[in-house]
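Visitor: For reference, the structure I am asking about is given below.
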Amino acid sequence: MSTRSKVIRGLEYVILSILSVVSIFPFFWMIIAATNKSVDVTKGTLLPGSYFFENLKSVLQSDLNYLTSFKNSLIIAVLTTAIAMVVSSAAGYAFEIYRTKGRDRIFNFILLSMMVPFAALMVPLFRLFSNFKNIPILKFLALNTSGSVIVIAVATAFLIFFFRQNTKTFPKELVEAARIDGLGEMGIFTKIYMPTMKSTYAAAVVVTFMSSWNNYLWPLIALKGENRTLPLIISAMGSSYTPDYGMIMTAVVIATIPAALIFFLMQKQFVAGMQGSVKG
């Protein structure tokens with residue numbers, strides 16, 4: 001290796017090291033802050049303290065019902081992810097496998113919906129969901145219910161696009177062979193497509209779970225009281241006149257654990273699924 005190549009390689013390592021430190025530092029500071037008193041956090045200390053269990057006790061005994069909001073977030077995130085995997089994958093599969101005259105027009109219309117900012121939809125959605133309380137069979141979708149948050153996230157344009165792009169790499173010969181063998185369309189989807197596209201589902205699970213877990217704007221509008229989710233509770237902790245930053249950082253650390261576990265347990269499948277979408 002020439003001297004020039006060694007210098008370039010060294011510069012690459014230096015730049016990557018700096019970027020790694022910049023990326024990791026917020027998480028490092030968050031954990032350090034969770035172990036210190038609020039006054040030490042405001043001073044900017046970077047040394048671990050011994051106040052973590054006191055902060056944890058303050059979080060659990062808070063009037064904001066942190067554990068209840070944690071349960072609400074977990075239920076909403078899990079149900080949203082599970083339903084979205086079925087609905088969005090079925091839509092993406094259908095758009096790619098079944099060829100109809102208006103297929104591409106409908107799909108393009110769905111993609112156009114990605115360009116509409118959610119802020120423009122908040123008022124219509126609020127008025128729509130506020131009317132569901134008067135319809136007995138739709139009360140589970142009314143405002144201040146988990147259903148009002150789950151239903152708008154189970155079939156997003158991004159997920160449908162993601163599954164369709166990955167379905168382009170799915171061997172169509174399997175579908176034809178299964179049809180010849182007498183397997184129904186639902187059987188083809190559940191017994192052949194879903195097991196074959198495991199990496200795609202894994203990537204979609206990570207994206208959907210993290211998006212639902214961190215969702216703030218619509219739950220802020222739709223939920224109140226004991227039905228609030230973690231992002232709303234953490235925001236409320238920081239809005240007091242004298243916020244306890246040690247307690248807030250402890251609450252943030254706990255809230256980060258489920259999303260981090262999902263990502264680290266499925267990171268290989270996540271990378272494989274994302275690469276599959278690019279290739280498609």
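The values are calculated or read from the model by the stated rules, or taken from the named source; none is laboratory data. Because the structure is predicted, anything quoted here is derived from the model rather than measured. Cβ sites come from the backbone with ideal geometry, for glycine too, and all protein chains shown count toward neighbours. For the accessible areas, the whole protein counts, side chains as well, though only heavy atoms, and no ligand, DNA or RNA atoms are used. Shrake-Rupley method; radii C 1.70, N 1.55, O 1.52, S 1.80 Å.
Visitor: R0 = 35 Å: FRET efficiency of S20 with L112, Cβ-based, nearest 0.05? Each step should come with its number before you reach the end.
Guide: On the way: r = 38 Å, r/R0 = 1.09.
Efficiency, from the Cβ-Cβ distance: 0.35.
Visitor: Just the accessible area for L79, please: 1.4 Å probe, Å², rounded to the nearest 10?
Guide: 80 Å²
Visitor: Now, a different point. Give me the aspartates and glutamates in straight-line cross-link reach of K168: C-alpha distance below 12 Å, same-chain residues under 8 apart excluded.
Guide: E96
Visitor: Which is the longest stretch in the chain that no exposed loop site breaks, taking sites as trypsin sites (Lys or Arg not before Pro) with a DSSP loop state and at most 10 other Cβ atoms within 10 Å? Present the calculation step by step, with values, prior to reporting the outcome.
Guide: Values: sites that count: R99, K101.
My reading of the result: 102-280 is the longest stretch.
Visitor: Let me ask another. What's the carbon and sulfur percent of region 54-277's accessible surface, probe 1.4 angstrom, rounded to a whole number?
Guide: On the way: 8080 of 12170 Å².
Whole-percent figure for carbon plus sulfur exposure: 66.
Visitor: What is the angle, in °, between the Cα long axis of helix 103-112 and the longest principal axis of the Cα atoms in the chain? Nearest 10 is fine, range 0 to 90.
Guide: Once rounded, one gets 20 degrees.
Visitor: Which value, in debye to the nearest 20, describes the size of the charge dipole of region 54-277 about its Cα centre when Lys and Arg Cβ atoms bear +1, Asp and Glu Cβ atoms bear -1, and nothing else is charged? Don't skip to the end; give the middle numbers.
Guide: On the way: 18 positive and 10 negative charges, 109 e Å.
Taking the Cα centre of region 54-277 as origin, the dipole is about 520 debye.
Visitor: Something else about it: Can you list, largest first and rounded to whole Å, the semi-axes you get for region 54-277 by taking the square root of 5 times each eigenvalue of its Cα gyration tensor? Can you show the working numbers first?
Guide: Details: eigenvalues 273, 94, 44 Å².
Semi-axes from the Cα gyration tensor: 37, 22, 15 Å.
Visitor: So, one more: Step through the residues of region 207-221 one at a time and calculate ³J(HN,Hα) from phi using the Karplus curve (6.51 cos²θ - 1.76 cosθ + 1.60, θ = phi - 60°), rounding each to whole Hz and writing x for Gly and Pro.
Guide: Rounded to whole hertz, the list is 5, 5, 4, 5, 5, 5, 5, 9, 4, 10, 5, 5, x, 4, 7.
Visitor: OK, next. Probe of 1.4 angstrom, ligands and nucleic acids ignored: what's the accessible area per residue over the chain, in square angstrom? Write out the running numbers ahead of the final one.
Guide: Values: 16730 Å² over 280 residues.
Counting only protein heavy atoms, the per-residue value for the chain is 60 Å².
Visitor: Let me ask you something else. Using Cα positions and a limit of under 20 Å, work out the aspartates and glutamates in reach of K71, with same-chain residues fewer than 8 apart set aside.
Guide: The reachable aspartates and glutamates, counting only those whose Cα sits under 20 Å from K71, are D63, E226.
Visitor: To the nearest 10 degrees, how steep is helix 66-97 against the longest Cα principal axis of the chain, on a 0 to 90 scale?
Guide: Approximately 20 degrees, to the nearest ten.
Visitor: Report the full-extension gain for the segment L265 to V39: residue separation times 0.36 nm, less the Cα-Cα distance, to one decimal in nm.
Guide: Gain in length upon complete extension: 77.8 nm.
Visitor: Please find, in a Gaussian network model of the chain (springs between Cα atoms separated by less than 10 Å), the residue of I110, I24, I233 whose mean-square fluctuation is greatest.
Guide: I24
Visitor: Mind checking the angle between helix 122-131 and the chain's longest principal axis? C-alpha axes, 0 to 90 degrees, to the nearest 10.
Guide: Orientation of helix 122-131: about 80 degrees from the principal axis.
Visitor: Still on this structure: For n ≥ 4 DSSP H runs only, could you compute -39500 (n - 2.57) per run for the chain, divide by its residues and tell me the 222 nm figure to the nearest 500?
Guide: Numbers: 15 runs with 192 residues, N = 280.
After summing the helix terms and dividing by residue count, I get -21500 deg cm²/dmol.
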